[in-house]
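So the structure is just underneath, and the comments pick up after that.
Only the coordinates and a few stated rules stand behind these numbers; no lab work does. Keep in mind that what you see is a predicted model, and the values were worked out from it rather than measured. In this analysis, Cβ positions are derived from the backbone assuming ideal geometry, glycine residues included, and neighbour counts consider all displayed protein chains.
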Amino acid sequence: MSSATAPGRRAAAIAGVVVALALGLAWPNLHPAGPLLPTDDLYSHLSVARHLVRGDGFLCDVTYPLSFAWPWARALPQPLAHRPPAWPVVLALPYAMAGPDPAAVVTAVGVLQRGLLALAAGLGTAAWIRRGRPGAAAAWVVALTACPLLPYVVDWGHTELPAAVLLLGCWLRYREGTLTPGPLDGAITAALALLRPELAWLPLAWWAWLKRPSPGSDGRSGRRGLLVALAVALALVAPWLARNVRVTGDPFFSVQAAAELAKDTRRWPGYDVYRQLEPQPPWRALREYPEAVARKTARGLRFYAQEFPSLLPWAVPVLLLVGVAAGLRAPARRTRGPAATAALSAVALAILYAPLDHSLRHLVAIAPVLAWEAAPWLGEWPWTLLPARLIRWRRAPATVLVAAVLVALPLAELTRREPTGWASSAQAAATRVDASLAEAARLRALPADDTAFTDSAAAIWLADRPAVWSPLDAQVANRIAAWLAPTAGGPGAP
């Protein structure tokens, strides 16, 4: 709960808005936008958004060869089956506002992403100001913006950023003193399920783990609130599940479910599993090549352990562990305290992704929660180590804010580590812009009834033409072309 001496909610809201506006306006100057990779996932989402605006339904122009293993998917454009639907729905807004110019739409998505980042900064700031903690508020902004991956996540339209805003919003509701979940928490859970399904368990797990019965409560209100949240989540997700049943026959169908565990193993190196026509569901992978899956999982655990210091300046998780230790040493051992829960959530996500995909971007979704919980230890706690006579100035909010920045900013900059490979990928993206334009021109020049194949998702987006991404070999390409020959160019909206 907020302390009795905390500023009012109005002052906190004003502070949050000011920080959000300042960050939103300053970000383009601090991190000028760069071009996307030609294989960026954003192009798939944008192609769906384009079809939505045109009234075609959930259709996707960027298709994987693996998806053609299912007869219902043998069409171009293809019924959306390898991406969740929420992000294309959101992207329909910048697409509608920016018009048909592909470059303008990508720019508009960057503006949207900066707005989401600013929203996260404002929410976290307002929450600390309500507690009368300007030092923690300042350190929070420093820790958040020092995340080395944020410039890439913003520029490349990654879904981890909107997921991070949703998770932060849910986390702050608990930390604000909300004792039981409700409809809003169900809506957040549903949004996550339709955006990043593998993250949808976190809000409900947090409520179950961190629940605190209100005075005089027998626990029934908490259970009732959890049931209400679940009911709201199910009601919001149900239409998409029904659509999946109608189109695919399976409410939870996903192309990734038939590929991610096998991807990047010795049996299926790189993305080869997506470039062929044999589904590799988890049961098949575990039965036929369990050793390869085990090696991949071990490699993933090592990857996340080695790269985790690049998620946030490593001073942030170290100081968060100080908070965990303080909770454990408290009279009522807070084994379920917020700091420990935030840290365990990050570990749980690393374990979840270890057998699936090895990219640090997946942990960006939890980074704001880690930064928010570490903020007081980053901006306030170091000053408490000084003798009391030297820190009498701590009663003045403005002085506390400046002092927090003086500690947090050097700590963040000195312990900041660039993530492996991301800078080189950005440089490669800049050198491949002309190639994407040339490939788009080639796709436009193809006869309308030809099946288009390409290794550039950017070219598919620029050419406004559905195509098949990078078949493994000529045999795969020929089979797909034969399937599509009678109906090429005839979209059937789901």
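If R0 is 25 Å, the Cβ-Cβ spacing of ARG295 and HIS31 corresponds to a FRET efficiency of close to 0.10. Among ALA233, GLY182, TRP156, which residue has its Cα positioned farthest towards the positive end of the charge dipole of the chain, with +1 placed on the Cβ of Lys and Arg, -1 on the Cβ of Asp and Glu, and the dipole taken about the Cα centre? Value computed over the given set: GLY182.
Rounded to the nearest 0.05, the FRET efficiency derived from the C-beta distance between ALA69 and ALA396 at R0 = 56 Å is 0.25.
Under a 5 Å amide H cut-off, with hydrogens placed 1.01 Å from N, ASP357 pairs with nothing among residues at least 5 apart or on other chains. Applying the Karplus relation 6.51 cos²θ - 1.76 cosθ + 1.60 with θ = phi - 60° to the stretch 52-66 yields 3J(HN,Hα) values of 4, 5, 7, x, 7, x, 7, 10, 10, 8, 9, 10, 8, x, 4 Hz, where x marks Gly and Pro. Helices in the chain, meaning DSSP H runs of at least 4 residues, each add -39500 (n - 2.57). Divided by all residues, the mean residue ellipticity at 222 nm is -19500 deg cm²/dmol.
Across the chain, C-alpha contacts under 8 Å between residues 6 or more apart give a mean separation that, scaled by the residue count, equals a relative contact order of 26 percent.
Helix 134-145 axis versus longest C-alpha principal axis of the chain: approximately 20°, rounded to the nearest ten. Return one number: the angle in degrees, 0 to 90 and rounded to the nearest 10, between the long axis of the Cα atoms of helix 315-329 and the longest principal axis of the Cα atoms of the chain. Helix 315-329 sits at roughly 60 degrees to that axis. Each of GLU198, GLU380 was scored by other Cβ atoms within 10 Å of its Cβ. Arranged with the fewest first, they read GLU198, GLU380. Taking the C-alpha atoms only, the angle from helix 338-353 to the longest principal axis of the chain is near 20 degrees. Annotation: amide H of VAL468 within the under-5 Å range of ALA452, PHE453, THR454, sequence separation 5 or more or interchain, hydrogens built in the peptide plane. Of interest is the spacing of the C-alpha centroids, which for the stretch 229-259 and the stretch 59-115 amounts to 18 Å.
Note that the stretch 18-25 has calculated 3J(HN,Hα) couplings of 4, 5, 4, 5, 4, 5, x, 7 Hz, one per residue in order, obtained from phi through the Karplus relation 6.51 cos²θ - 1.76 cosθ + 1.60 (θ = phi - 60°); glycine and proline are x.
Taking amide hydrogens as placed 1.01 Å from N in the peptide plane, the amide H of CYS60 sits under 5 Å from those of GLN78, LEU80, each at least 5 positions away in sequence or on another chain. With a Förster radius of 25 Å applied to the C-beta separation of ALA441 and ARG246, the computed FRET efficiency comes to 0.10.
Subtracting the Cα-Cα distance of LEU414 and ALA208 from their residue separation scaled by 0.36 nm leaves 70.4 nm. Each of ALA477, TYR289, PRO79 was scored by the projection of its Cα onto the charge dipole of the chain, and the greatest displacement toward the positive side belongs to TYR289; charges sit on the C-beta of Lys, Arg, Asp and Glu. For the chain, a simple Cβ point-charge model (Lys and Arg +1, Asp and Glu -1, everything else neutral) yields a dipole of about 2220 debye relative to the Cα centre.
In order along the stretch 472-478, phi translates into HN-Hα couplings of 5, 7, 5, 5, 4, 4, 5 Hz, rounded to whole numbers, per the Karplus curve 6.51 cos²θ - 1.76 cosθ + 1.60 with θ = phi - 60° and x for Gly and Pro. When each of the peptides 122-135, 360-373, 226-239 is scored by how many other beta carbons lie within 10 Å of its residues on average, the order from highest to lowest is 360-373, 122-135, 226-239. Placing a pseudo-label 7 Å from each Cα along the Cα-to-Cβ vector at VAL228 and ARG266 gives an inter-label distance of 5.5 nm.
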